[in-house]
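Q: The structure's right below; bear with me while I get my questions together.
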Amino acid sequence: MERLGRFGAWQEEIRTGAVRWTRHTYELFGRARHAPPIPLDDLHTHVHPQDRAAVDQLRDALLRLKRSVTVSFRVLLPDGTMRQLRALAEPVTDTAGTLVAVRGVYQDLTSHYRTQVVLDATRHQLADSEARAAGQHRLALTLQRALLPGSDEAVEASGLAVAVRYRPAEQEHLVGGDWYDAVTLPGGDVLLVVGDVAGHSIRTVAGMVTLRNSLRGLAVTGAGPAHLLRWLNRVTYHLTDDITATVVCGLYRPSDHTLRWARAGHLPPVLVHGGKASTLPQPDGLLLGVEPDAAYEEAIHHLAPEDLLLLFTDGLIERRGTGLDTSLGALLEIAAQRQPDVARQADHVLAHTRPDTDDDTCLIVIQRRDHRA
């Protein structure tokens, strides 16, 4: 799982200087398993000279300031190549506030398929229940923020303009399971997904990561959205910690401008066409994790030039005491107000929706581009 997600965990004891790496950390640095792990004091000798200031910042934050830190740097591999890594690290103190260890993860940013596994390796190391809860929450926030940004990269070549937005819950302790994905698959289709795992906890975030990464892996098989959701439902039912989730999964084919999509208990996409907004007709599909052998229907929609399509989680529209149909009708009015491009359309929708359930929100706005224009 670490190899698929391109993560590697590490910990360094302050008193003894002992350094522990997980297996994939060795792979990230191109080192043999029998070679000793690289301590923080020697890390600067393995990075690009221009990035050594980042390593100094990492050490200073952990060892002197005793605070969490995120830095990026280029690692020089033994074969002469370089790998761009991001380090997310935190200090570990005892009850007296004395620094006893530093730990974190290295994340490989050189691949389009980064962020495909959840790491909670620090959880079992916390000394008491209060510290464990705080550490799990920090880890959940770190993983959530590391996983969600950047999913709209490298899809414009497929004839789509894409804007993705994530709006966190106002209360920081409500770490939710909303997620999105927008990525070009090896066969040329564009995978478009929004999902929502029920709850607000480290378990919710772990479930979100499992589903997001599983769906990416399943999608490279070339299967259609209905089959993907059927497999993902089995993953949810058998391989997660008793979670349930809703998902909309679409595959856009650039050659004929068609969107094949299926849903698992999720709100349907909103289509903006000819100055009017409406929801797409909903295929049947039970939410994930309830019935192990659930089947899913699939629908096909041809995306006309300049059509807009919105995929979103329910945090965008839910209001206490207001029916879902009423809230969805208000969204249709907002979505029909066309903006100059998808980025401003996404910002416009977020700015004019006023949910009050304090839930996080994911939004994808796509538009077919006419290459002749």
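Q: Pull up the stretch 205-236, narrow it to residues that are open to solvent by less than 20 Å² (accessible area, probe 1.4 Å) and without any contact (Cβ under 8 Å) to a residue 60 or more places away in the chain, then point me to the one that is nearest to V164 (Cα to Cα).
A: Top of the filtered list is L215.
Q: May I ask you to say which residue of I334, I300, I364 is part of a strand (DSSP E or B) and crowded, with 16+ Cβ neighbours inside 10 Å?
A: Sole residue among the options that is part of a strand (DSSP E or B) and crowded, with 16+ Cβ neighbours inside 10 Å: I364.
Q: Any idea which of (1) part of a loop (DSSP other than H, G, I, E, B); (2) under 16 Å from T313 (Cα atoms); (3) among the charged types (D, E, K, R) is the one D196 doesn't satisfy?
A: For D196, the failing item is (1).
Q: Okay, moving on. Can I300 be described as β-branched (V, I, T), more than 13 Å from L267 (Cβ to Cβ) and touching a strand residue (DSSP E or B) at 6+ places or on another chain (Cβ under 6 Å)?
A: Yes, satisfied.
Q: A further question follows. Cβ contacts < 8 Å: first residue more than 22 Å from C362 (Cβ to Cβ), restricted to the stretch 256-282; second residue part of a loop (DSSP other than H, G, I, E, B) and open to solvent by 10 Å² or more (accessible area, probe 1.4 Å), any location; separation 6+ or different chain. Result?
A: As it stands, the answer is H257/A304; H273/A304; G275/A336; G275/R338; K276/A336, since those pairs meet every condition given.
Q: Just to verify a result, which residue in the stretch 237-248, among those that are closer than 20 Å to L316 by Cα and open to solvent by 10 Å² or more (accessible area, probe 1.4 Å), is farthest from the chain's Cα centre (by Cα)?
A: So the residue we want is T244.
Q: Restricted to the stretch 164-183, and to residues that are surrounded by fewer than 22 Cβ atoms within 10 Å (Cβ to Cβ) and touching a Leu at 6+ places or on another chain (Cβ under 8 Å), which residue is modelled with the lowest pLDDT?
A: Looking at the filtered set, the residue picked out is E172.
Q: Shifting gears a bit: Any residue in the stretch 3-20 that is surrounded by fewer than 19 Cβ atoms within 10 Å (Cβ to Cβ), within 25 Å of the chain's Cα centre (by Cα), among the aromatic types (F, W, Y) and under 30 Å from L211 (Cβ atoms)?
A: Taking every residue of the stretch 3-20 in turn, none turns out to be surrounded by fewer than 19 Cβ atoms within 10 Å (Cβ to Cβ), within 25 Å of the chain's Cα centre (by Cα), among the aromatic types (F, W, Y) and under 30 Å from L211 (Cβ atoms).
Q: If T110 satisfies all but one of (1) in a loop (DSSP other than H, G, I, E, B); (2) touching a helix residue (DSSP H, G or I) at 6+ places or on another chain (Cβ under 8 Å); (3) under 21 Å from V209 (Cα atoms), what's the number of the condition it fails?
A: It is condition (2) that T110 fails.
Q: So D42 passes all but one of these: (1) open to solvent by 10 Å² or more (accessible area, probe 1.4 Å); (2) assigned to a helix (DSSP H, G or I); (3) within 30 Å of L218 (Cβ to Cβ). Which condition number does it fail?
A: (3)
Q: Please state which of the following conditions R33 fails to meet, knowing it meets all the rest: (1) open to solvent by 50 Å² or more (accessible area, probe 1.4 Å); (2) in a helix (DSSP H, G or I).
A: Among (1) open to solvent by 50 Å² or more (accessible area, probe 1.4 Å); (2) in a helix (DSSP H, G or I), the lone unmet condition for R33 is (2).
Q: Let me ask something additional. Looking only at residues in the stretch 45-83 that are in a loop (DSSP other than H, G, I, E, B) and touching a strand residue (DSSP E or B) at 6+ places or on another chain (Cβ under 9 Å), which one is least open to solvent (accessible area, probe 1.4 Å)?
A: My answer is L77.
Q: Among L316, L287, L280, L303, which is the only one that is under 23 Å from the mean Cα position of the chain (by Cα) and closer than 19 Å to A262 by Cβ?
A: Answer to the check: L287.
Q: Among what's in the stretch 90-118 and is within 23 Å of the chain's Cα centre (by Cα) and open to solvent by less than 10 Å² (accessible area, probe 1.4 Å), pick the residue that is modelled with the lowest pLDDT.
A: Of everything passing the filter in the stretch 90-118, V117 is modelled with the lowest pLDDT.
Q: If a residue must be of a type in the set (G, A, S) and touching a helix residue (DSSP H, G or I) at 6+ places or on another chain (Cβ under 8 Å), how many such residues does the stretch 208-234 contain?
A: Matching residues across the stretch 208-234 total 4.
Q: Continuing with the same structure: Quick check on my filter: what residues within the stretch 337-349 are under 29 Å from T184 (Cβ atoms), out of contact with any helix residue (DSSP H, G or I) (no Cβ under 6 Å at 6 or more places or on another chain) and open to solvent by 30 Å² or more (accessible area, probe 1.4 Å)?
A: Within the stretch 337-349, R338, P340, D341, A343, R344, D347 qualify.
Q: Check P78 against each of (1) over 28 Å from A206 (Cα atoms); (2) modelled with pLDDT of 95 or more and name the one condition it does not meet.
A: (2)
Q: Looking at T258 and the list (1) among the hydroxyl-bearing types (S, T, Y); (2) farther than 21 Å from A198 by Cβ; (3) open to solvent by 40 Å² or more (accessible area, probe 1.4 Å), which single condition is not satisfied?
A: Against the list (1) among the hydroxyl-bearing types (S, T, Y); (2) farther than 21 Å from A198 by Cβ; (3) open to solvent by 40 Å² or more (accessible area, probe 1.4 Å), T258 comes up short only on (3).
Q: Looking only at the stretch 335-367, how many residues end up being of a type in the set (V, I, T) and in contact with a Lys or Arg (Cβ under 6 Å, 6 or more places away or on another chain)?
A: Total meeting the criteria: 1.
Q: Within the stretch 274-286, identify whether any single residue is β-branched (V, I, T), touching a strand residue (DSSP E or B) at 6+ places or on another chain (Cβ under 9 Å) and open to solvent by less than 10 Å² (accessible area, probe 1.4 Å), and answer yes or no.
A: Among the residues of the stretch 274-286, not one is β-branched (V, I, T), touching a strand residue (DSSP E or B) at 6+ places or on another chain (Cβ under 9 Å) and open to solvent by less than 10 Å² (accessible area, probe 1.4 Å), which makes the answer no.
The values are calculated or read from the model by the stated rules, or taken from the named source; none is laboratory data. Computed from a predicted model, the values in this text were never measured in an experiment. Note: ideal-geometry Cβ built from the backbone for every residue, glycine included; neighbour counts use all protein chains shown. Heavy atoms of the whole protein, side chains included, go into the accessibility calculation; ligands, DNA and RNA do not. Shrake-Rupley method; radii C 1.70, N 1.55, O 1.52, S 1.80 Å.
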